[in-house]
Amino acid sequence: MNITLRAWRQAGPSDEGGFETYQVSDLSSDMSFLEMLDVLNERLTLEGLEPIAFDSDCREGICGACGVMINGRAHGPQAATATCQLHMRSFQDGDTITVEPWRAAAFEVIRDLVVDRSAFDRIVEAGGFITVATGSAPEANLTPVPKETAETAFDAAACIGCGACVAACPNSAAQLFTAAKASHLNLLPQGGAERYVRTERMVDTMERFFGSCTNHGECEAACPKQISIDFIAMMNRDYVKAKVNSRGNA
Amino acid sequence: MEFYRSAVGKKWVMGVTGIALLGFVLAHMIGNLKVYLGDGQLDSYAHFLRELLYPLLPKTVTLWLMRTGLVIAFLLHIHAAASLTLLNRRANTAYRGPRDLAVASYASRTMRWSGVIVAVFLLWHLADLTWGVTPMAPEGWTAGAVEANLAASLSRGGVAVLYIVANLLLGVHIYHGAWSLFQSLGLAHPSYNRWRRRFAQAFSAVIVIGNVSIPIAVWTGWVG
């Protein structure tokens, strides 16, 4: 198949950037979107041109490195799919595809389709961990965890931190990411001890970088791991409780 | 105060004030339906509101307490919305290419516009039927003659259209708000999640049908 690709090119953070159009021919519909970019980049390199910079790592949808805006949708048209798992068969022969980096004030474009997502690291640093004394592991059966709770915590833990939620949000809010990262710890006994102080610190850090939630639901629709906005409600409730109960040592 | 400084706190305040305003809108609509009973019932109802809890409290005191609460709820709702809008403008960078929203509803995308328009309409509506300020109020406006004022105001064709359009926008605003408040207040659970959207649909439908029926009833000569 043949496609026309309109790709965002930007030499660096201070460069203005703009779209460039490329004809990409003889593609297999079984190629992933990233493999299509690989084919184009190989040709650009042979022609002595600069290849299109993009992030990728595992290419099996579990690392969260890849992610671009494809025809105005985060990770492209297919639900519950990271860009690396999106295949060219999702497009028609002769299509024009527009590809753009995630846009948010906190996600500065480093080059072409690569953005700086380190604001996510600041949020995780603020509370996305459990403070426990290390040593010999306790007997697992001493702290029973209901099956439903374990499943819900695992649903939240599926977050790969790709940033599609922020990219899809008209407010550039990071509520879904933060809620997932807080909830997968908050729901379990080991993480539950720091539930409120964690939520408070992570939300306060989140708000230094990102917008606020207006409940459009775009994040949930864009999430390659289909993480539910129920976790956002849970985080909102915990944040209120944290502020009410706080003894001022947050 | 520290809580209100946070965006999550502001959304919580928007949810709580939203509930207060929804309660008012519902009570206001139910009260208005008295116009269908005729026989001066709407006027007696308005009179009753001025004497609510009398003689426990002096006349109009209860009414003013409720009005004060409403004004505070409106101001907080608007202040939180405005400051969150500014925050979101700062946080957002526009896409240069096409943007294809997946699920955001017309209502959720237009909350700021529907909110601003309904607020402006509210001032117009107060000038028309509460304060009796011309040119908003109809000719011959008389304090206390609620039913006559209402019929005179809504028999002006342009005004009736304005009331219908404003109430449709109010319905759009409520359609998103009455669902959204559950999320902002942290009320989500698989056991009742599907009822949240239905509640918002039913609530906005009831408000729109009740309120829009009145200008139509005046126009068709059923009332007034």
0 to 90° range, to nearest 10: angle between helix B:111-125 axis and chain B longest Cα axis: 20
Ranked B:His77, B:His173, criterion: other C-beta atoms within 10 Å, fewest first: B:His77, B:His173
Cα-based helix-to-principal-axis angle, B:7-32 vs chain B, degrees rounded to 10: 20
Order of A:Asp112, A:Asp155 under a 10 Å beta carbon neighbour criterion, fewest first: A:Asp155, A:Asp112
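Dipole magnitude of the protein assembly as shown about its Cα centre, charges +1 at Lys/Arg Cβ and -1 at Asp/Glu Cβ only, in debye to the nearest 20? Please list the in-between numbers first.
Working: 39 positive and 41 negative charges, 364 e Å.
Computed charge dipole of the protein assembly as shown: roughly 1740 debye.
Net charge around A:Leu27, counting only other residues with Cβ within less than 12 Å of its Cβ (Lys, Arg = +1; Asp, Glu = -1)?
On the way: positive: A:Arg43, A:Arg89; negative: A:Asp26, A:Asp30, A:Glu35, A:Asp38, A:Asp93, A:Asp95.
Taking every Cβ under 12 Å from that of A:Leu27, the sum is -4.
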On Cα atoms only, tilt of A:33-46 relative to the major axis of chain A in degrees: 50
Region A:3-111: relative contact order as a whole-number percent, Cα under 8 Å and 6+ apart: 34
Calculated SAXS-style log₁₀ I(q)/I(0) at q = 0.11, 0.12 Å⁻¹ - the protein assembly as shown, Debye, Cα scatterers: -0.96, -1.06
Test item: Cα-centred dipole of region A:117-245, Lys/Arg +1 and Asp/Glu -1 on Cβ, debye: 240
Charge-dipole axis of the protein assembly as shown as Lys and Arg at +1 and Asp and Glu at -1 on Cβ define it, positive-most pick from B:His28, A:Cys66, B:Ile117: B:His28
Amide hydrogen neighbours beyond the local backbone of A:Ile97, cut-off 5 Å, H modeled: A:Thr4, A:Leu5, A:Arg6
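Could you rank the peptides A:188-198, A:20-30 by their average count of other C-beta atoms within 10 Å per residue, with the highest value first?
A:188-198, A:20-30
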Principal axes of region B:2-219: Cα extent on each, largest first, Å: 57, 43, 35
Relative contact order [Cα under 8 Å, 6+ residues apart], chain A, whole percent: 19
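Report the charge-dipole magnitude of chain A in Debye, nearest 20, computed about the Cα centre from +1 at each Lys and Arg Cβ and -1 at each Asp and Glu Cβ. Can you show the working numbers first?
Values: 21 positive and 33 negative charges, 228 e Å.
Taking the Cα centre of chain A as origin, the dipole is about 1100 debye.
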Fluctuation leader among B:Asn167, B:Asn92, B:Asn149 - chain B, Gaussian network, Cα springs under 10 angstrom: B:Asn92
Long pairs among A:Lys225/B:Lys10; A:Lys181/B:Lys11; A:Lys181/A:Lys225; A:Lys243/B:Lys10, criterion Cα-Cα beyond 19 Å: A:Lys225/B:Lys10; A:Lys181/B:Lys11
Around B:Leu57: net Lys/Arg minus Asp/Glu count, Cβ-Cβ under 15 Å: +2
Whole-Hz couplings from phi, Karplus 6.51/-1.76/1.60, listed for region A:21-30; x for Gly and Pro: 9, 10, 8, 10, 10, 6, 8, 8, 5, 8
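Taking the number of other C-beta atoms within 10 Å as the exposure measure, put A:Arg73, B:Arg109 in order starting with the fewest.
Numbers: A:Arg73 22, B:Arg109 15.
The most exposed by this proxy come first: B:Arg109, A:Arg73.
Bear in mind these aren't lab numbers, they're just calculated from the coordinates by the rules spelled out. Just so it is clear, the model here is predicted, and its values are computed rather than measured. All Cβ positions, even for glycine, are placed from backbone atoms using ideal geometry, and neighbour counts span all protein chains on display.
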